[in-house]
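Structure, as structure tokens:
Since every read-out is calculated from the coordinates, none of them should be taken as a lab result. Only a predicted model underlies this, so the values are computations on that prediction, with no experimental measurement involved. In this analysis, Cβ positions are derived from the backbone assuming ideal geometry, glycine residues included, and neighbour counts consider all displayed protein chains.
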Amino acid sequence: MISVLRTVIGTVTHVFFTGMTAYAFSKKHLPFRGFFLAVGTFTMFFNGGLIPTFLLFKELHLLDNFLVYILPTMFNFFHLIIFMSFFRELPESIEESALMDGANEFMIFVRIILPLSTAVIATIALFHGVWHWNDYFFGVIFINSESLQPISSYLYRVIAETSSNQMLANMPEGMRSQSVTSQSIKLATMIVATLPIVVTYPFLQKYFVKGLLIGSVKG
């Protein structure tokens, strides 16, 4: 259940807030736009490391908290660039007409821009949703409560324990067939990891292919 909640809530909030930020950055008149884009680009290649991140989450009371899955992953600069590439292709006349009708920037984004961005939203949602489903790192490092562990973290722990345990090798031959082997655990993990892709991709295929072409070089 935690895996489903994390994937759904994390994907929705990520798409909304990253898209909203990208919409603002797509405007050339945004103050300090170049500076913030440079800082964002820097974060794509460098980060503070595990220990500073752990200490920061501790000060923010995110350790052993469901919000640790959501808040730190609400924004991704690479996805912002993809959103920006799409928003720049939208005609400015659409926004100008909405402004003349009395709509503010937030209303334009929610009621006009998002409905026109189905392709890019489906692409980002698929990428980020699969990441949320398969990620075990946050659960292993930042979560202690078993009730907040996603299935990926649980499977990671099982694989780690099974791989480091030599009991199977020392068992009598007749007992090995009745035990869960390391290979079977790994195969089960592969099935769980690919399940969301198999289920969602057929429904998002047409949007996904179109979204991948966003920002490509035109001949």
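Structure summary
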quantity	calculated
Computed E for LEU5/VAL198 - FRET, C-beta separation, R0 25 angstrom, nearest 0.05	0.75
Relative packing of peptides 35-42, 46-53, 85-92, 119-126 - highest average C-beta neighbours within 10 Å first	119-126, 85-92, 35-42, 46-53
Inter-probe distance in nm under a simple model that places probes 7 Å from Cα toward Cβ, at ARG88 and PHE36	1.7
Ranking of THR73, THR43, THR13 by count of other Cβ atoms within 10 Å, fewest first	THR43, THR13, THR73
Two-site label geometry, ALA188 and LYS27: point separation in nm, points 7 Å out along Cα→Cβ	5.2
At R0 = 22 Å, FRET efficiency that the Cβ-Cβ distance of PHE46 and PHE78 yields, to 0.05	0.95
